[in-house]
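The values are calculated or read from the model by the stated rules, or taken from the named source; none is laboratory data. Small disclaimer: the values here were computed from a predicted structure and weren't measured. Cβ coordinates were reconstructed from backbone atoms using ideal geometry, including for glycine residues, and neighbour counts include every protein chain displayed. Note: accessible area is taken over every heavy atom of the protein model, side chains too, but ligands, DNA and RNA are not part of it. Shrake-Rupley method; radii C 1.70, N 1.55, O 1.52, S 1.80 Å.
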Amino acid sequence: MATPNYEALARDLFGRTEKAIDMIAALSVDTGITFKISDIVQRVEDGLPEGYPDSTNGEHVRRDLIAEMARDALSGAAYED
């Protein structure tokens with residue numbers, strides 16, 4: 001089995017996270033319902049194809065990484081140099 005390209009996976013997961021943020025933010029504006037980071041994480045998880053790699057780094061699982069990406073995207077930290 002080939003070793004996953006972790007950089008490509010991180011870019012893909014971040015792109016999926018950004019799309020989930022956009023979708024949930026639009027729903028929030030339309031409905032007035034607030035959302036949580038966990039809503040973004042669930043949306044990303046729901047959209048992942050079967051067999052999408054998960055973290056094998058002990059304590060941190062993919063959901064943790066998605067949550068961190070979402071927080072960084074929402075705060076703008078992900079876009080700083």
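As an exercise, use a Förster radius of 35 Å and the Cβ-Cβ distance of Lys36 and Arg11 to find the FRET efficiency, rounded to the nearest 0.05.
Numbers: r = 25 Å, r/R0 = 0.70.
For Lys36 and Arg11, the calculated efficiency is 0.90.
Calculate what fraction, in whole %, of the accessible area of the chain sits on carbon and sulfur atoms when a 1.4 Å probe is rolled over the protein chains.
Carbon plus sulfur share of accessible area: 52 percent.
How large is ³J(HN,Hα), in whole Hz, for each residue of the range 11-17 in order, when computed from phi with the Karplus curve 6.51 cos²θ - 1.76 cosθ + 1.60 and θ = phi - 60°, using x for Gly and Pro?
So the J values, rounded to whole Hz, are 4, 4, 5, 5, x, 5, 5.
Taking +1 at the Cβ of each Lys and Arg and -1 at the Cβ of each Asp and Glu, which of Ile37, Tyr79, Met69 sits farthest along the dipole of the range 35-81 towards its positive end, judged by Cα position relative to the Cα centre?
Ile37
Tell me which GluC sites (Glu not before Pro) from the range 22-62 have a DSSP coil assignment and no more than 12 other beta carbons within 10 Å of their own. It would help to have the intermediate numbers written out before the result.
Working: sites: Glu45, Glu50, Glu59; in loops: Glu50, Glu59.
Within the range 22-62, the qualifying GluC sites (Glu not before Pro) (loop, at most 12 other Cβ atoms within 10 Å) are Glu50, Glu59.
In the range 7-81, which trypsin sites (Lys or Arg not before Pro) fall in coil by DSSP and have 16 or fewer other Cβ atoms within 10 Å?
Working: sites: Arg11, Arg16, Lys19, Lys36, Arg43, Arg62, Arg63, Arg71; in loops: Lys36.
The qualifying sites are Lys36.
So if the hydrodynamic radius of the chain is defined as the Kirkwood radius over C-alpha pairs, what does Stokes-Einstein give as its diffusion coefficient at 10 °C and 1.306 mPa s, in µm² per second?
Working: Rh = 13.5 Å.
Calculated translational D: 118 µm²/s.
Using a 1.4 Å probe, what is the accessible area per residue for the chain, in Å²?
Details: 5880 Å² over 81 residues.
For the chain, the per-residue accessible area is 73 Å².
Let me know the charge dipole size of the chain about its Cα centre in debye, to the nearest 20, where only the beta-carbon of Lys, Arg (+1) and Asp, Glu (-1) is charged.
Numbers: 8 positive and 16 negative charges, 31 e Å.
Around 140 debye, computed over the chain.
Check which residues have an amide H placed less than 5 Å from Ser55's amide H, if you skip close sequence neighbours.
Under 5 Å from the amide H of Ser55: Arg62.
Let me check I've understood the local charge: for Asp12, count other residues with C-beta under 14 angstrom from its C-beta, Lys and Arg +1, Asp and Glu -1. What total comes out? Let's see the in-between values first.
Values: positive: Arg11, Arg16, Lys19, Arg62; negative: Glu7, Glu18, Glu45, Asp54.
Around Asp12, the surrounding residues sum to 0.
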